[in-house]
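First up is the structure itself, then whatever we jot down about it.
The values are calculated or read from the model by the stated rules, or taken from the named source; none is laboratory data. Because the structure is predicted, anything quoted here is derived from the model rather than measured. All Cβ positions, glycine included, derive from the backbone under ideal geometry; neighbour counts span all protein chains shown.
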Amino acid sequence: MTPQDYRFRKYHRLHKKKEIKNVFDSGKSIANKNFVIYFKENNLWYSRICIIISKKTIKKSARRNYIRRVIREYFRLNRHRLIAAFDLIFILRKDFELEKYSDIENSLNRLFAHNRLMMVLDKKTDVAKKDN
């Protein structure tokens with residue numbers, strides 16, 4: 001992949017109220033103890049995300065913004081591994097307790113791989129392959 005394939009463009013954001021409501025209403029959801037992810041396949045050639053973090057979940061705005069940046073970075077680096085183009089909504093759970101990027105990345109990798117929404121990365125060759 002060329003470096004420009006990894007850019008996070010404005011069109012990768014899911015921000016219209018109607019589109020977000022559509023994902024909530026007719027999409028599916030997956031969850032673990034840290035995240036709930038609503039997703040719906042879209043008819044576009046790219047995936048889009050929305051990140052929702054409540055003030056009740058994380059009080060400090062600097063921490064909320066850090067977690068937003070980490071999730072956006074995870075999406076930016078791993079969107080090519082998704083099995084289709086999805087509209088994704090990431091919601092943090094109240095008992096969210098992860099601190100480091102690597103912990104958040106591992107949690108999201110397990111969640112996506114367990115639900116077969118993402119191709120598994122081969123550790124030896126660093127190439128994505130479809131999980132059967």
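Step by step: first the residues of region 32-52, then only those that are of a type in the set (S, T, N, Q) and surrounded by 14 or more Cβ atoms within 10 Å (Cβ to Cβ), then the one that is nearest to residue 113 (Cα to Cα). Which residue is that?
Of the residues in region 32-52, the ones of a type in the set (S, T, N, Q) are 32, 34, 42-43, 47.
When the remaining residues are screened for being surrounded by 14 or more Cβ atoms within 10 Å (Cβ to Cβ), the result is 32, 34, 42, 47.
Working: 32: 12, 34: 15, 42: 20, 47: 17 Å.
It comes out as 32.
For a quick check of your reading: which strands (runs of 3 or more DSSP E) sit entirely within region 1-62 and have at least 3 residues that are touching a residue at least 24 places away in the same chain (Cβ under 8 Å)?
35-41, 48-52
Does region 72-82 contain any residue that is in contact with a strand residue (DSSP E or B) (Cβ under 8 Å, 6 or more places away or on another chain), surrounded by 12 or more Cβ atoms within 10 Å (Cβ to Cβ) and of a type in the set (A, V, I, L, M, F, W, C)?
Of all residues in region 72-82, those in contact with a strand residue (DSSP E or B) (Cβ under 8 Å, 6 or more places away or on another chain) come to 72, 75, 78, 80-82.
Remaining after also requiring surrounded by 12 or more Cβ atoms within 10 Å (Cβ to Cβ): 72, 75, 78, 80-82.
Still in the list and also of a type in the set (A, V, I, L, M, F, W, C): 75, 82.
Looking for residues that are in contact with a strand residue (DSSP E or B) (Cβ under 8 Å, 6 or more places away or on another chain), surrounded by 12 or more Cβ atoms within 10 Å (Cβ to Cβ) and of a type in the set (A, V, I, L, M, F, W, C), one finds at least one in region 72-82, hence yes.
Specify which of the listed residues (68, 63) is among the basic types (Lys, Arg) and within 11 Å of the chain's Cα centre (by Cα). Break it down into steps so the answer makes sense when it comes.
Details: 63 fails: within 11 Å of the chain's Cα centre (by Cα).
It is 68.
Considering only region 96-109, I want to know if a residue exists there that is outside any helix (DSSP H, G or I) and of a type in the set (Ser, Thr, Tyr). If you could, list the steps in order and put the result at the bottom.
Step one: of region 96-109, the residues outside any helix (DSSP H, G or I) are 96-100.
Then keep just the ones that are of a type in the set (Ser, Thr, Tyr); that gives none.
Checked region 96-109: no residue is outside any helix (DSSP H, G or I) and of a type in the set (Ser, Thr, Tyr).
Looking only at region 64-95, count how many residues are in contact (Cβ under 8 Å) with a residue 60 or more places away in the chain and of a type in the set (A, V, I, L, M).
Looking only at that region, the number is 3.
Within region 62-84, identify whether any single residue is more than 18 Å from residue 105 (Cα to Cα) and of a type in the set (Asp, Glu), and answer yes or no.
Within region 62-84, not a single residue is more than 18 Å from residue 105 (Cα to Cα) and of a type in the set (Asp, Glu).
Which of the residues that make up region 54-69 are surrounded by fewer than 19 Cβ atoms within 10 Å (Cβ to Cβ) and either of a type outside the set (S, T, N, Q) or touching a Pro at 6+ places or on another chain (Cβ under 7 Å) (or both)?
Within region 54-69, 55, 56, 58, 59, 60, 62, 63, 64, 66, 68, 69 meet the criteria.
Tell me which residues, restricted to region 53-81, are over 23 Å from residue 118 (Cβ atoms) and of a type in the set (Phe, Trp, Tyr).
66
Which residue is surrounded by the most Cβ atoms within 10 Å (Cβ to Cβ), if the candidates are limited to region 94-109 and must be closer than 30 Å to residue 18 by Cα and at pLDDT 90 or above? Write out each step before concluding.
Of the residues in region 94-109, the ones closer than 30 Å to residue 18 by Cα are 94-96, 104-105, 107-109.
Next cut, at pLDDT 90 or above only: 104-105, 107-109.
Working: 104: 19, 105: 17, 107: 17, 108: 22, 109: 16.
So the residue we want is 108.
Just to be sure, is residue 28 over 13 Å from the mean Cα position of the chain (by Cα), closer than 21 Å to residue 110 by Cβ and of a type outside the set (Asp, Glu)? Break it down into steps so the answer makes sense when it comes.
Numbers: over 13 Å from the mean Cα position of the chain (by Cα): yes; closer than 21 Å to residue 110 by Cβ: yes; of a type outside the set (Asp, Glu): yes.
It is true that residue 28 is over 13 Å from the mean Cα position of the chain (by Cα), closer than 21 Å to residue 110 by Cβ and of a type outside the set (Asp, Glu).
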